[in-house]
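K.L.:
The structure that follows is given in the form of C-alpha cells.
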2 protein chains.
Amino acid sequence: MSTEKNSRLIDVARVAGVSLATASRALGGTAQVTSAKAARVHQAAADLGYVPNAHARALAGAATRMAGLIIHDVGDPYFSEIARGVVEVAERNGILVLISHSRREPDRELSHIRSLRANRVEALVLAGSGYVDADSEEETANELRTFGASGGRVVLVGRHHMDVDTVIPDNVAGGATAANHLLDLGHRDIAIVAGPSTLTTVEDRLAGIASALDGHGMSLDDLYLVHGDFTRDGGAVAANKLLETHPSVSAVIALNDAMATGVLARFRERGIVVPDEISVMGFNDTPGAADTNPALTTIRLPSRSWESSLSR
Amino acid sequence: MSTEKNSRLIDVARVAGVSLATASRALGGTAQVTSAKAARVHQAAADLGYVPNAHARALAGAATRMAGLIIHDVGDPYFSEIARGVVEVAERNGILVLISHSRREPDRELSHIRSLRANRVEALVLAGSGYVDADSEEETANELRTFGASGGRVVLVGRHHMDVDTVIPDNVAGGATAANHLLDLGHRDIAIVAGPSTLTTVEDRLAGIASALDGHGMSLDDLYLVHGDFTRDGGAVAANKLLETHPSVSAVIALNDAMATGVLARFRERGIVVPDEISVMGFNDTPGAADTNPALTTIRLPSRSWESSLSR
DNA sequence: ATGAAAGCGCTAACAC
DNA sequence: GTGTTAGCGCTTTCAT
C-alpha cells in the first residue's frame, strides 16, 4: 500500500489556485473570501481528502479544544457514568476528550496529568478518591495549581478539596447512615468489605461507620474488616475470605457498589440468599445497582460542590 | 489570578545556561549530554514546571502516540468494557486515547473520524454496529481508507468488514440460536425488542431469528416486533408498549443486553416474574449481565476476526 | 558534546 | 479580498 502523506493546506491552495492564506480563510471561515474561490478551495480540499493538522493549528494559536479525563477505570460503572457525562458535555462544546486510567496509583495519575498538560488540554477532570498519603496529594495539588495558573480549568469529582472546583459526596455521613441502618435493624455481627486504606474515600466512609458504632457502644474492632481492590473482583475475593473466616456475619457493608456487586455475585454462586441470610449494602448509587440480583441496598450520597476561589 | 504562560524549552535552556538543542537532548534522552549539563537542565525544567508542548513536538516530527476511539456511548456497559480494553492496551504502550460518542449517528461518526484524523492519531477503533444505509457506510469506508493510506491503523469491532482489521460476532447465527432456544422450549407467542432498523446488527440478528422461525414454519410476521433505542431506556420503553398491546407474550428476545436490562427492569417494577411468567433473552454477554435481577439469559456470540489485506 | 539554524503546517498580523 | 510573511515550540540535521 502506497503510504501517501496527508495533504497540507498548501497543497489545497495550490490545487485551488489561491494563496495559503486564502485557503486558510476559506476553510476556516475566518474572513471573507470570494464565493467562487471559496468553492474551489472546498472542492480541492475534498478531492485531496484534506484534514487540517490539529497540532499545527494549535501551535499557530488556534483554540485546541481538548479536555483530559482521569478516572480509575472506565470499566467500572461508577466511572463510565462520569465519563459518559464528561464526553457528552465536551462534545456538545466541540471539545475532544483524552481519557486515561489512574488505576488508583498516585504516580500514574501524576504522569497522566503531565501528559494531558503536554497536550494542552483546556480542562482536566479528575474523578475518584484522593490518597491518604499527604506527599502524593501535595504533588498532585502542585501540578494542578501550575495547570490552573497557566489557564487550565480543573474539576475534581469525589476527591478532597484542593483549591479547585470540586464535587464530593459526604462520605463520612454516608458511612454513618449505612452503619446506623444495619445497627437499627439489630445487626451486630457485621463485616466491612473495604477498598485500600490508601484512599481517602475508604478512610472517610470507615470514619462514618466508626462514629455510628460509637453511638451504639461499639467500635470498628467489633466488626470484621477486610481490605481489597475497590472493584467488583476485589469484592468477590473479600467475600471468599469472609465466608471462610467469619461465616456467622449477618450483614456486609461494602464500601462501594463495585465491591458490593462482587460480594453479591459470590454469595449468589454459593447459594447464599440475600437479604434473608445476609444483608448487603453498597455505596454510590452506581447506575445498574438497582438491576443487580439480588437488589442491592445502596447509600445515595449527598454531594457537596466547592467552587474554587481560583475560578475565573 | 496571574495567568503565567507555560514555560518553553527555551526558557529551560536559558535557566540551565545551555542551548535549546542541548536542553532538548537532555530532556528527550535523544543524544549524549554531559551529565552535569543534563542535571542542570532537568533541575531547571523541574523548577519552571516545564511540560513539553505535545503539539510542537508532534509538528516537529516526534511520534504523537495518540489513538482514537469511537463508540456509541461509554455509559453502556458493552462499550465501557471495550473502552476499558482499549485504554489499558494503549496506556501500556504509552498511547493516549481520544474518546468520542457516535450516538449511532453516521454523520456524527464521520465528523469524529475527521477530528481524530486531524489530531493525527496513529490508530482508530470504531466499535458498534454499522449502518444499513450504504451511502453513509461508503463515506465512512472512504474516510478510513484515506486514513489507512496515510499510515493510520484501523480496527472495527462489531461492524461489517471494510477492508480493515475487524472483529465481528456472528449475529445471524446468534439470532438463530436465541430463537431456536425459545422455539424448542415451546414458545410461540414471542416478542422481539429491537434497536433501530438502521443498524446492521439489528438487521443481522433479525435475519437469524427469521431463519430459525422458518425452520418451524413461522415467520417474523408471527411475532410482535418493537423497535426502539438500542439502550436500557429503549428496552424499558419497548417493554411498556409490549405490556400494553401484547400482554400475552410468553417470551421476549431483546436484541442486545442493554435493551434486555431495560425490559427486565420494567418487568420487575410491574411485578412480572421472569422467567416464570415471561422469559427474557439478551445478546452480547455484556459484563454485568450475569448480575442482573432476574438473571438474564444472554447469547454469547462467537466472534470472527478479519485481518485486513491492507494491514502492514 | 554542543550550538546554530532549518523546518514541521498552520494562523494571524501586516501589506497591498 | 488577497497575498506575503512572521512566528507558534519543538526536533533534527548540519556544522563545529
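The values are calculated or read from the model by the stated rules, or taken from the named source; none is laboratory data. From a predicted model like this one, the values you see are computed outputs, not experimental measurements. Methodologically, a virtual Cβ is constructed for each residue, glycine included, from the backbone with ideal geometry; neighbour enumeration extends over all protein chains shown. These accessible areas exclude ligands, DNA and RNA; they are computed on the full protein's heavy atoms, side chains included. Shrake-Rupley method; radii C 1.70, N 1.55, O 1.52, S 1.80 Å.
K.L.:
In Å², what does the accessible area per residue of chain A work out to with a 1.4 Å probe?
P.N.:
43 Å²
K.L.:
Tell me the label-point distance for the pair A:Ala21, B:Ala207, using the 7 Å Cα-to-Cβ offset, in nm and rounded to one decimal.
P.N.:
So the label points at A:Ala21 and B:Ala207 sit 5.6 nm apart.
K.L.:
Something else: List the distances, in nm and shortest first, from the label point of B:Arg304 to the matching label points in every other copy, placing each point 7 Å from Cα along the Cα-to-Cβ direction.
P.N.:
5.8
K.L.:
Here is a follow-up. Please identify the trypsin sites (Lys or Arg not before Pro) of the range A:1-63 that satisfy two criteria: DSSP loop assignment and at most 10 other Cβ atoms within 10 Å. Which are they?
P.N.:
Sites meeting the loop and neighbour criteria: A:Lys5.
K.L.:
Hey, with R₀ at 35 Å, roughly what FRET efficiency would B:Glu122 and A:Asn240 work out to, going by the Cβ-Cβ distance, to 0.05?
P.N.:
Plugging the Cβ-Cβ distance into 1/(1 + (r/R0)^6) gives 0.25.
K.L.:
Follow-up question, since we're still on this one. Could you work out how far helix A:200-214 tilts from the main Cα principal axis of chain A, as a 0 to 90 degree angle to the nearest 10?
P.N.:
30 degrees
K.L.:
Rounded, prolate or oblate for the protein assembly as shown? Axes are the square roots of the Cα gyration tensor eigenvalues, ordered a ≥ b ≥ c, and the cut-off for rounded is a/c under 1.5. Before the final figure, lay out each step's value.
P.N.:
Working: a/c = 2.38, a/b = 1.18, b/c = 2.01.
Oblate, because a/c is 1.5 or more while a/b does not exceed b/c.
K.L.:
While we're here: Go through A:Gly152, B:Ala239, A:Ala60 and say which Cα lies farthest out towards the positive end of the charge dipole of the protein assembly as shown; charges sit on Cβ, +1 for Lys and Arg, -1 for Asp and Glu.
P.N.:
Highest projection toward the positive end goes to A:Ala60.
K.L.:
Only helical DSSP H runs with n ≥ 4 go in: add -39500 (n - 2.57) per run for the protein assembly as shown, normalise by residue count and round the 222 nm mean residue ellipticity to 500 deg cm²/dmol.
P.N.:
Calculated mean residue ellipticity at 222 nm is -14000 deg cm²/dmol.
K.L.:
Moving on to the next point. Going by average Cβ neighbours within 10 Å, how do the peptides A:88-97, B:157-166, A:101-110, B:132-141 rank, with the highest at the top?
P.N.:
Result, highest mean first: B:157-166, A:101-110, A:88-97, B:132-141.
K.L.:
Just checking the output field for B:110-119: average partner chain Cβ neighbours within 10 Å of each residue's Cβ?
P.N.:
4
K.L.:
Also, I was wondering about something else. Under the rule of at least 5 residues apart or a separate chain, name every residue whose amide H is placed under 5 Å from the amide H of B:Val167.
P.N.:
Those lying under 5 Å, H to H, from B:Val167 are B:Leu156, B:Val157, B:Gly158, B:Arg159, B:Trp306.
K.L.:
Short version: ³J(HN,Hα) in whole Hz for each residue of the range B:44-49, in order, from phi by Karplus 6.51 cos²θ - 1.76 cosθ + 1.60 (θ = phi - 60°), x for Gly and Pro, what are they?
P.N.:
Working through the residues one at a time gives 4, 4, 4, 4, 7, x Hz.
K.L.:
Largest first and in whole Å, give the semi-axes of the range A:140-191's equivalent ellipsoid, each being the square root of 5 times a Cα gyration tensor eigenvalue.
P.N.:
In descending order, the three semi-axes are 39, 9, 6 Å.
K.L.:
May I pose another question? Whole-Hz ³J(HN,Hα) for each residue in the range B:217-224, computed from phi via Karplus 6.51 cos²θ - 1.76 cosθ + 1.60 with θ = phi - 60°, x for glycine and proline: what do you get?
P.N.:
Each residue's phi maps through the Karplus curve to give x, 10, 9, 4, 5, 7, 10, 9 Hz.
K.L.:
Plugging the Kirkwood radius over Cα pairs into Stokes-Einstein for the range B:171-311, at a temperature of 10 °C and a viscosity of 1.306 mPa s, what D comes out in µm²/s?
P.N.:
Details: Rh = 14.9 Å.
Using the Kirkwood radius from Cα pairs, D works out to 106 µm²/s.
K.L.:
With no solvent and one equal point scatterer per Cα, compute the Debye intensity ratio I(q)/I(0) for the range A:26-91 at 0.14, 0.22, 0.25 Å⁻¹ and report its log10, rounded to two decimals.
P.N.:
Per q value, in the given order, log10 I(q)/I(0) is -0.67, -0.95, -1.06.
K.L.:
Calculate how large, on average over all directions, the projected area of the Cα convex hull of the range B:1-152 is; give the answer in nm² to one decimal.
P.N.:
12.1 nm²
K.L.:
B plus A alone minus the pair: what accessible area, both sides summed, probe 1.4 Å, in Å² to 100?
P.N.:
Numbers: alone 16000 and 16030 Å², together 27080 Å².
Using a 1.4 Å probe on protein heavy atoms, the buried area is about 4900 Å².
K.L.:
A further question on this structure: Using amide H atoms built in the peptide plane, which far-off residues or other-chain residues are under 5 Å from A:Val51 H to H?
P.N.:
A:Ser7
K.L.:
Considering only DSSP beta bridges whose two residues both sit in the protein assembly as shown, what percent are antiparallel, to the nearest 5? Write out the running numbers ahead of the final one.
P.N.:
Working: 14 of 78 bridges.
Antiparallel bridges make up about 20 percent of those DSSP assigns within the protein assembly as shown.
K.L.:
Check cross-link reach from A:Lys241 to the aspartates and glutamates: straight Cα distance under 20 Å, and skip same-chain residues fewer than eight apart.
P.N.:
A:Asp189, A:Asp221, A:Asp222, A:Asp229, A:Asp233, A:Asp257, A:Glu269, A:Glu277
K.L.:
Would you mind checking the tilt of helix B:77-92 against the longest principal axis of the Cα atoms of chain B, expressed as 0 to 90 degrees and rounded to 10?
P.N.:
20 degrees
K.L.:
May I pose another question? Cα gyration tensor of the range B:65-167, axes a ≥ b ≥ c as square roots of the eigenvalues: rounded (a/c below 1.5), prolate (a/b > b/c) or oblate?
P.N.:
Oblate is the answer for the range B:65-167, as a/c is 1.5 or above yet b/c matches or exceeds a/b.
K.L.:
Got the A:Asp133 label distances to the other copies yet, label 7 Å along Cα→Cβ, in nm, shortest first?
P.N.:
Those separations, rounded to one decimal, come out as 5.2 nm.
K.L.:
Using just the C-alpha positions of the range B:9-59 as equal point scatterers, what log10 of I(q)/I(0) does the Debye formula give at each q in 0.27, 0.30 1/Å?
P.N.:
Ignoring solvent entirely, the Cα scatterers give -1.02, -1.20.
K.L.:
How much FRET efficiency would the formula 1/(1 + (r/R0)^6) give for A:Val167 and B:Glu105, where r is the Cβ-Cβ distance and R0 is 45 Å, rounded to 0.05?
P.N.:
In this case the efficiency is close to 0.90.
K.L.:
On to the next question. Go through the range A:269-286 residue by residue and turn each phi into a ³J(HN,Hα) via Karplus (6.51, -1.76, 1.60, θ = phi - 60°); whole Hz please, and just put x for glycine and proline.
P.N.:
The phi angles translate into 4, 7, x, 7, 8, 9, x, 4, 8, 9, 8, 10, 10, x, 9, 4, 6, 4 Hz.
K.L.:
A further question on this structure: To one decimal in nm, how far is A:Gly186 from the same spot in the other copies, if labels go 7 Å from Cα toward Cβ? Please give the shortest first.
P.N.:
4.3
K.L.:
Hey, what's the per residue convex hull volume over the C-alpha atoms of the range B:154-232, in cubic angstrom?
P.N.:
Spelled out: Cα convex hull of the range B:154-232, divided by residues, is 103 Å³.
K.L.:
Hey, got the Cα dimensions of chain B along the principal axes, in Å, largest first?
P.N.:
84, 43, 30
K.L.:
Going by alpha carbons, how many degrees (0 to 90, nearest 10) lie between the helix axis of A:106-118 and the longest principal axis of chain A?
P.N.:
So the helix axis and the longest Cα principal axis differ by about 20 degrees.
K.L.:
Counting only other chains, and only Cβ atoms inside 10 Å, what mean value do you get across the residues of B:263-275?
P.N.:
Counting Cβ atoms of other protein chains within 10 Å of each residue's Cβ and averaging gives 1.
K.L.:
Okay, moving on. Could you work out the per residue convex hull volume over the alpha carbons of the range B:80-235, in cubic angstrom?
P.N.:
Hull volume over Cα atoms, normalised by residue count, gives 124 Å³.
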